[in-house]
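To start, the structure itself, in structure tokens.
Read the figures in this text as sums done on the coordinates, not as results from a lab. Note that this is a predicted model, so its numbers are computed, not measured. Reconstructed Cβ throughout: ideal geometry from the backbone, glycine too, with neighbour counts over all protein chains shown.
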Amino acid sequence: MPVAIRPYRDEDREAVAKLWLDSWRSTGLSVARLATEAGNYDRIGRELAAGWQAHLAWDGDQLVGFLALKPMSGCLDQLFVSPEAQGRGIGRLLLDLAKDRLPRGLWLRTAEDNHRACRFYERTGFRRSEQQTHPSLGHRTIIYRWP
């Protein structure tokens, strides 16, 4: 069965909060240990109210990925794939959707030490821009831009 991408629905919130936490923690970054499922759940509500556009990737009845865009600022704010589904092209499907939704260009922030994510973005046409300290978590990040 092919992976299906569809817009976020309110009933998805708990599953998204869990997938987000599992995927973020799978990076092995120390900053990821600060996250909680409850914190993600709360943030999803705040971000949606502030204009997030979220899309989910489903493999049958299993949530395998999610994408959150901030169209007003051209930001790809979140892109996560469940650890079990990584390496299957789901991230690329979601990234292609982001490029379709923001055809004039987009930017994203990723942890400097998340080498797997950095390689992924570079392979998919993003270019490194500036380095910054994360505004709320304090770790070093890289800003990527497309095109």
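Overview of values
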| read-out | value |
| --- | --- |
| Dipole axis of the chain (+1 Lys, Arg; -1 Asp, Glu on Cβ), positive-most option in Tyr144, Gln86, Ala4 | Tyr144 |
| Size of electric dipole in the chain: Cβ of Lys, Arg +1 and of Asp, Glu -1, about Cα centre, debye, nearest 20 | 620 |
| GNM result for the chain, Cα springs below 10 Å: residue of Thr110, Thr124, Thr27 fluctuating most strongly | Thr124 |
| Long-range HN-HN contacts of Asp77 with modeled amide H, under 5 Å | Ala68, Leu69, Lys70 |
| Per-bin percent of Cα-Cα distances, the range 32-75 [5 Å] | 6, 18, 20, 25, 22, 9, 1 |
| Charge context of Arg25, other residues only, Cβ under 12 angstrom, K/R +1, D/E -1 | 0 |
| Sites matching trypsin sites (Lys or Arg not before Pro) across the range 1-96 that sit in DSSP coil, with at most 12 neighbouring C-beta atoms within 10 Å | Arg9 |
| Cut-off 15 Å between beta-carbons: net charge of the residues surrounding Glu14, Lys and Arg +1, Asp and Glu -1 | -3 |
| Overall form of the range 84-147 per C-alpha gyration tensor (a/c, 1.5; a/b vs b/c) | oblate |
| Local electrostatic count, Thr133, Cβ distance below 14 Å [Lys/Arg +1, Asp/Glu -1] | -1 |
| Principal axes of the range 1-45: Cα extent on each, largest first, Å | 34, 25, 11 |
| Distance between modelled label sites at Arg92 and Lys18, nm, 7 Å Cα→Cβ extension | 2.9 |
| Coordinate range along principal axes, alpha carbons of the chain, Å, largest first | 38, 33, 31 |
